[in-house]
């Protein structure tokens, strides 16, 4: 019997509550990192006030990497996770985990506590993060699921003190990497459409005024120490050289489907990035994002940003 089934049996017997993975109503085009389903309206949960956070949340000042698929987020989480104060587990996909009250009594009980369904989900997400953080013995947790770009407002409402790192990469490089990861499943045109959804979500975050720190994959591979020093300053931790040599990884630490698991990321050190595409190599649908992110000038000249 699965762990989730055991948990649900005990939880339902005691309270009438169930924890479940959110159902997928249709196969997502972009595979396991598909947009989070869990976009509950604000009326379905309360955003804790600053004075209430010590009671409402176990995790304080969590860090969320906002990026498209194939942007180098696994590399970034490995480098951050090599810091003595930062714990960066594999993708958690919190937005695909929800909570239901499956009888009148549990609904009534939670309502009497002032907890709507979204509040219960926030408590569950926070507890999952806290469990991982306590196991690590570190001070702050870093979460990097690409689908977080689609639920950034919900994340900010769950953890009002959350910090955000926006990770950009040349859109054409993203698409080529996404296509090459499974060329049969994702022909190039499909990869363009898939990845563009994530890029548009990231761009929405970038222009939303959310704040945070923006880094580029190309800058990380070109000058990793400079970029890690900059990120450490933003996260209010001291830079540590170990971040550049995060250590060789095996299958136990790099889970297929929960981030990159291929040879480059297993080496334990930052590998050179691919050459940037020329302006004439950029697919037409990607050009607006290339211009917005500084990889293409207004007159169509390719740029290193």
Inset, instruction - Kindly list the number of the only condition in (1) touching a residue at least 40 places away in the same chain (Cβ under 8 Å); (2) closer than 26 Å to residue 197 by Cα; (3) assigned to a helix (DSSP H, G or I) that fails for residue 133. - result: (2)
Inset, instruction - Note down all Cβ pairs under 7 Å where the first residue falls in region 149-161 and is under 22 Å from residue 71 (Cα atoms), the second is part of a helix (DSSP H, G or I), and they're at least six residues apart or on different chains. - result: 149/198; 149/201; 149/202; 149/205; 150/201; 151/95; 152/205; 155/148
Inset, instruction - For region 136-158, enumerate the residues that are part of a loop (DSSP other than H, G, I, E, B) and surrounded by fewer than 24 Cβ atoms within 10 Å (Cβ to Cβ). - result: 137, 138, 139
Legend entry - Verdict on residue 210 being in contact with a strand residue (DSSP E or B) (Cβ under 8 Å, 6 or more places away or on another chain) and at pLDDT below 95: yes
Inset, instruction - Select from region 64-75 the residues that are in contact with a strand residue (DSSP E or B) (Cβ under 8 Å, 6 or more places away or on another chain), at pLDDT below 95 and outside any loop (DSSP other than H, G, I, E, B) and list them in ascending order. - result: 73
Legend entry - region 204-232: number of residues that are in contact (Cβ under 8 Å) with a residue 24 or more places away in the chain and touching a helix residue (DSSP H, G or I) at 6+ places or on another chain (Cβ under 6 Å): 6
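The values are calculated or read from the model by the stated rules, or taken from the named source; none is laboratory data. Worth saying up front: this structure is predicted, and the values here are computed from it rather than measured. Note that we place each Cβ from the backbone using ideal geometry, even for glycine, and neighbour counts take in every protein chain shown.
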